[in-house]
Amino acid sequence: MNLVIDVGNTRIKYAFFRDNQLVEAKYCVDGLSESIGKYRRMGECVNLLLSGSGKISDDLREMLKESVDWSIETSNLMPLPLKIGYATPETLGFDRIAICTGAMVKFPARPLLVIDSGTCITFNYIDAEGTFLGGNISPGVDIRFQSLQYFTAKLPLVAPSFDYGKMGQTTEEAIRNGVMNGMLFEVKNYIHEFMETFKSGRVIVTGGNSVFLEKKLTNEVEFCSVLGFIGLNEILMFAKKI
């Protein structure tokens with residue numbers, strides 16, 4: 001049994017895999033110790049990959065060390081199934097490495113554009129040989145709303161919504177339409193330019209705010225909410241082979 005844990009800035013999420021098959025995924029740390037114990041009582045060996053863009057507490061490390069059979073923690077020096085063609089690999093977030101690896105699992109030997117819409121929106125490019133080429137980082141939808149309120153004297157803070165149109169008739173509608181459409185047009189343009197360049201390429205979208213894009217993009221775009229988990233599991237299996 002493989003266990004992958006992603007410690008973020010605001011929450012800890014984890015998933016169990018049996019080889020390549022996702023067994024369960026949880027988006028809070030509650031019940032983690034009990035879940036590990038459940039599988040071990042079933043006679044399963046639990047192999048762990050621990051990844052963190054947020055701070056990993058010593059208590060969590062100690063609990064995991066005592067609970068699992070084998071473990072490894074991510075680092076920029078660890079061997080990866082994804083080749084890194086980035087000028088500053090030491091600054092590359094492991095969350096980006098994970099989603100790109102997950103995209104390669106789903107669509108091997110294809111040029112890929114992987115879009116992660118979360119706190120930030122990242123646009124990540126992988127060539128058909130499995131090399132991460134680089135990408136861009138843009139403010140996420142919440143940051144856009146918050147910045148309008150923070151940097152102006154009178155504009156209110158508006159929440160994102162699935163319901164947004166072309167022309168606002170109130171200030172709230174104008175902000176919501178401007179932010180939501182701005183994000184949508186940005187994403188659409190990245191996709192259009194990528195597909196114009198790579199006719200055989202595939203586009204995968206993930207991240208907590210990707211739900212605001214699902215009904216607005218073409219059916220040729222695939223959405224995968226567990227892409228990061230899939231990538232971390234692939235990295236774990238790769239590390240176990242070495």
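Given the condition more than 20 Å from the chain's Cα centre (by Cα), in a helix (DSSP H, G or I) and without any contact (Cβ under 8 Å) to a residue 60 or more places away in the chain, answer yes or no: does some residue in the stretch 150-159 qualify?
yes
Tally time: how many residues in the stretch 95-115 are modelled with pLDDT of 95 or more, out of contact with any Lys or Arg (no Cβ under 7 Å at 6 or more places or on another chain), open to solvent by 20 Å² or more (accessible area, probe 1.4 Å) and not aliphatic (A, V, I, L, M)? Residues in the stretch 95-115 being modelled with pLDDT of 95 or more, out of contact with any Lys or Arg (no Cβ under 7 Å at 6 or more places or on another chain), open to solvent by 20 Å² or more (accessible area, probe 1.4 Å) and not aliphatic (A, V, I, L, M): 2 in total. Put simply, of M63, M42 the only residue that is open to solvent by 70 Å² or more (accessible area, probe 1.4 Å) and of a type in the set (A, V, I, L, M, F, W, C) is M42.
Mind checking whether some residue in the stretch 13-31 is among the polar types (S, T, N, Q) and outside any helix (DSSP H, G or I)? Yes, the stretch 13-31 contains a residue that is among the polar types (S, T, N, Q) and outside any helix (DSSP H, G or I).
From the list K13, K65, the lone residue that is of a type outside the set (A, V, I, L, M, F, W, C) and closer than 24 Å to F123 by Cα is K13. For the stretch 151-163, indicate whether the set of residues that are in contact with a strand residue (DSSP E or B) (Cβ under 6 Å, 6 or more places away or on another chain), closer than 19 Å to L217 by Cβ and surrounded by 16 or more Cβ atoms within 10 Å (Cβ to Cβ) is non-empty. Taking every residue of the stretch 151-163 in turn, none turns out to be in contact with a strand residue (DSSP E or B) (Cβ under 6 Å, 6 or more places away or on another chain), closer than 19 Å to L217 by Cβ and surrounded by 16 or more Cβ atoms within 10 Å (Cβ to Cβ). Regarding D30, is this residue of a type in the set (D, E) and out of contact with any helix residue (DSSP H, G or I) (no Cβ under 9 Å at 6 or more places or on another chain)? When the stated conditions are applied, D30 passes them.
Restricting to the stretch 118-139, and then to whatever is outside any strand (DSSP E or B) and modelled with pLDDT of 95 or more, can you tell me which residue is surrounded by the fewest Cβ atoms within 10 Å (Cβ to Cβ)? So, considering only residues that are outside any strand (DSSP E or B) and modelled with pLDDT of 95 or more, the one surrounded by the fewest Cβ atoms within 10 Å (Cβ to Cβ) is E129. Checking each residue in the stretch 148-182 for being among the aliphatic types (A, V, I, L, M) and out of contact with any Lys or Arg (no Cβ under 7 Å at 6 or more places or on another chain) picks out L148, A153, L155, L157, A159, M167, A174, I175, M180. Here K188 fits the description: modelled with pLDDT of 95 or more, surrounded by 14 or more Cβ atoms within 10 Å (Cβ to Cβ) and out of contact with any strand residue (DSSP E or B) (no Cβ under 8 Å at 6 or more places or on another chain).
Would you pick out the residues in the stretch 142-183 that are of a type in the set (D, E) and over 20 Å from K215 (Cβ atoms)? Listed by number, the list holds a single entry, E172.
For beta carbons closer than 9 Å, sequence separation of 6+ or different chains, a first residue in the stretch 47-63 that is under 25 Å from T91 (Cβ atoms) and a second that is polar (S, T, N, Q) and surrounded by fewer than 16 Cβ atoms within 10 Å (Cβ to Cβ), the qualifying pairs are S53/N9; G54/N9; G54/T10; K55/N9. Taken over the stretch 73-83, the residue count meeting the criterion of being in contact with a strand residue (DSSP E or B) (Cβ under 9 Å, 6 or more places away or on another chain) and either at pLDDT below 95 or open to solvent by 60 Å² or more (accessible area, probe 1.4 Å) (or both) is 5. Screening R176 on (1) out of contact with any strand residue (DSSP E or B) (no Cβ under 7 Å at 6 or more places or on another chain); (2) within 30 Å of I12 (Cβ to Cβ); (3) crowded, with 18+ Cβ neighbours inside 10 Å shows it passes everything except condition (2).
The values are calculated or read from the model by the stated rules, or taken from the named source; none is laboratory data. All values derive from a computational prediction rather than experimental measurement. Please note: Cβ atoms are built from the backbone with ideal geometry, for glycine as well, and neighbour counts cover all protein chains shown. Surface accessibility is based on the protein's heavy atoms, side chains included, excluding ligands, DNA and RNA. Shrake-Rupley method; radii C 1.70, N 1.55, O 1.52, S 1.80 Å.
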